[in-house]
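Please read the structure below before turning to the comments.
What follows draws every value from the coordinates through simple rules; no lab data is involved. Nothing here was measured: the structure is a model prediction, and the numbers come from that model. We place every Cβ from the backbone using ideal geometry, glycine too, and count neighbours over all the protein chains shown.
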Amino acid sequence: MIDVMRAYTTLAYAFDRGAREAILVETIEEAFAYRERDPDVLLVGEVGGRPIPGFDLGNSPESLADVDLEGRTIVFRSSNGVRGAVHATQADRIVLASLVVAGATVAWLKAEQPDLVTICAMASMHGKDGVEDDACGDLLQARLEDRDIDLDTIVRRVRESGGGRAALDPAQDHVTPGDLEHASRIDHFPFAMVVEREDAGLIARPVRV
C-alpha cells in the first residue's frame, strides 16, 4: 500500500527517529482510547490534512525529522493512508510503502516471494489525484520486474502531483515544502514497514532488509 504525501512517509521518519511500532487506527476516538489505556503512547496523525487537537504530533515528515522517538509506541491516524490499511482486510500481508522506503520494500517482497503482489495507491483523501502514489507504484513494479526506471522522472511526477503542488503553495498551511522534500528522497531508509494483525490491533514495525 502506498501513501507518499504523507502518511507512509511520516511513518518512515518516525521509525528512523526510533519509534518501536505504530498502532494503526481509523478514528480519533480509537487513538484517544489507546492513550487512556497507556499514557506513554504518542498520538500522531491528522484529520483533513491538519493536526488533531490533543494529539502529540501531526502527519508531517518534516516535523518528525529531529524528534527523539526512541523506543516509543505511536498510535497513528490519517484520513487516507492509515484508513486504507485498516480496510485492507482481505490482504494476507500488508507492507506500507513510500519513496523513502521503496528499495527496502522491494527487497522485503523479493525475500518473501509471494505468489501475488497487489500494488495499491491510496491517492488523496478526496478519492482523486494519486499521481505521487502512482509514481511510487511504477517504481516498485519496475524494480520487482528488474526493469530500469528513471528516478528523476519519478521525483518530477511527485513534485507536479496535487500533493506536491499543495506543499509548494504558500496558501496551504497544513503541508510544507519540507514535507515534499522529505517525501522525495528515494531509498532514504533501509527498512520496510510491515504490518501485523495482533490482539492489540493493526501494528506496523520497521523490518531491516
request  = Take the Cα gyration tensor of the range 62-181, multiply each eigenvalue by 5, square-root it, and list the three semi-axes largest first, rounded to whole angstrom.
outcome  = 24, 20, 15
query = Separation of the range 162-183 and the range 34-73 by C-alpha centroid, Å?
reply = 19
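Take every DSSP beta bridge whose two residues both sit in the range 7-208, then give the antiparallel share in percent to the nearest 5. Spell out each step's value before the answer.
Values: 16 of 25 bridges.
Percentage antiparallel, nearest 5: 65.
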query = When only C-alpha pairs under 8 Å and at least 6 residues apart count, what is the relative contact order of the chain, in percent?
reply = 30
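Tell me, GLU21, GLU36 in order of fewest to most beta-carbon neighbours within 10 Å?
Working: GLU21 20, GLU36 8.
Listing GLU21, GLU36 from fewest to most nearby Cβ atoms yields GLU36, GLU21.
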query = Residue separation times 0.36 nm, minus the C-alpha to C-alpha distance between VAL67 and ILE119: what's the value?
reply = 15.6 nm
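Just add up the charged neighbours of LEU99: K/R +1, D/E -1, any other residue whose Cβ is under 9 Å from the Cβ of LEU99.
Working: positive: ARG185; negative: GLU132, ASP187.
Residues near LEU99 contribute -1 overall.
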remark   = With only helices counted (DSSP H, runs n ≥ 4, each -39500 (n - 2.57)), the per-residue ellipticity at 222 nm for the chain, to the nearest 500, works out to -10500 deg cm²/dmol
inquiry  = Quick check on the exposure proxy: order THR89, THR27, THR176, THR9 from fewest to most C-beta atoms within 10 angstrom.
reply    = THR89, THR27, THR176, THR9
query = Out of residues 5 or more away from VAL47 or on other chains, whose amide H comes under 5 Å of its own, with H placed 1.01 Å from N in the peptide plane?
reply = ILE52
remark   = Taking every C-alpha to C-alpha distance in the chain and binning by 5 Å from 0, the per-bin percentages run 1, 8, 17, 22, 22, 16, 9, 4, 1, 0
query = How do HIS182, HIS188 line up, fewest other C-beta atoms within 10 Å first?
reply = HIS188, HIS182
